[in-house]
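Everything on this sheet refers to the single structure shown next.
The values are calculated or read from the model by the stated rules, or taken from the named source; none is laboratory data. These figures come from a predicted structure and were not determined experimentally. Cβ: placed from backbone, ideal geometry, glycine included. Neighbour counts: every protein chain shown. Just so you know, the surface numbers come from the protein's heavy atoms only, side chains and all, with ligands and any DNA or RNA stripped out. Shrake-Rupley method; radii C 1.70, N 1.55, O 1.52, S 1.80 Å.
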Amino acid sequence: VQCKLMETSLSNSIPYDALSYVWGSTKDPKRVLLEFQEYQVTQNLFEALKELRLSDSHRVLWVDALCINQSDTTEQSLQVRTMDFVYENATRVIAWLGPHKGDSASTFELLKRAESSGDFGLDLFASPHFFEGIRGLTPLMAREYWFRAWIVQEMGFARELRIRCGPDEALYAILDKLRSLERGSIRILEIKPPPRVLRHNINVSTQR
């Protein structure tokens, strides 16, 4: 992962995305090339940078760990006062939730299908990933990211807020809508029916 720093003005900046993430453990740091010199970052940030980079072009990101001199307390203090402008002026804010775990990939399949269709239609409930997607929603919302106080500011000022797990990305608004459906009208209990109930000539998962 190779990064370069560029200086710009918030009042007249080039388009950029702002990263919202958890620093994570400082043990076993990873190395990136920053201005052609090795620079240590946490495992979680390394995973985010690796997934967010583009294969065919540069990507402009604002990342606090790289854009603020972490060894200069004066600079840190000054930069913290401008955080609202940083996130407000970003083209989009990307909330990095970490790599996929458990059923999170299926949850993102539901989110991406809902985003592309613009609604939670009946075809979404017929998706082969539906049960796994709903099942993965609770663990997704229990991730460490959601328990950071700073996300209130980072998410609140975003023009467009997107969530990301591994290579998959979706609008936060879609996640919020799915959560409200899951809490309200959707009540799902996946059970294992006794063998005598199942008809072998019909798809078992459909019967469930």
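Numbers at a glance
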read-out	value
Neighbours by Cβ (under 6 Å, 6+ apart or cross-chain): first from the range 35-48, small (Gly, Ala, Ser); second open to solvent by less than 70 Å² (accessible area, probe 1.4 Å)	Ala48/Tyr21; Ala48/Trp96
Some residue of the range 8-26 being open to solvent by less than 80 Å² (accessible area, probe 1.4 Å), modelled with pLDDT of 90 or more and either more than 24 Å from Glu169 (Cβ to Cβ) or in contact with a Gly (Cβ under 6 Å, 6 or more places away or on another chain) (or both)	no
Residue that is nearest to Val1 (Cα to Cα), among those in the range 33-67 that are of a type in the set (A, V, I, L, M) and surrounded by fewer than 18 Cβ atoms within 10 Å (Cβ to Cβ)	Leu33
Only one of Arg187, Arg164, Arg179 that is outside any helix (DSSP H, G or I) and modelled with pLDDT under 90	Arg187
All positions within the range 109-127 that are under 19 Å from Ala173 (Cα atoms), in contact with a helix residue (DSSP H, G or I) (Cβ under 8 Å, 6 or more places away or on another chain) and modelled with pLDDT under 85	Ser117, Phe120, Leu124
Those residues of the range 74-94 which are among the aliphatic types (A, V, I, L, M) and surrounded by 14 or more Cβ atoms within 10 Å (Cβ to Cβ), in sequence order	Met83, Val86, Ala90, Val93, Ile94
Any hit, the range 128-144, residues being modelled with pLDDT under 80, at positive phi and out of contact with any Asp or Glu (no Cβ under 7 Å at 6 or more places or on another chain)	no
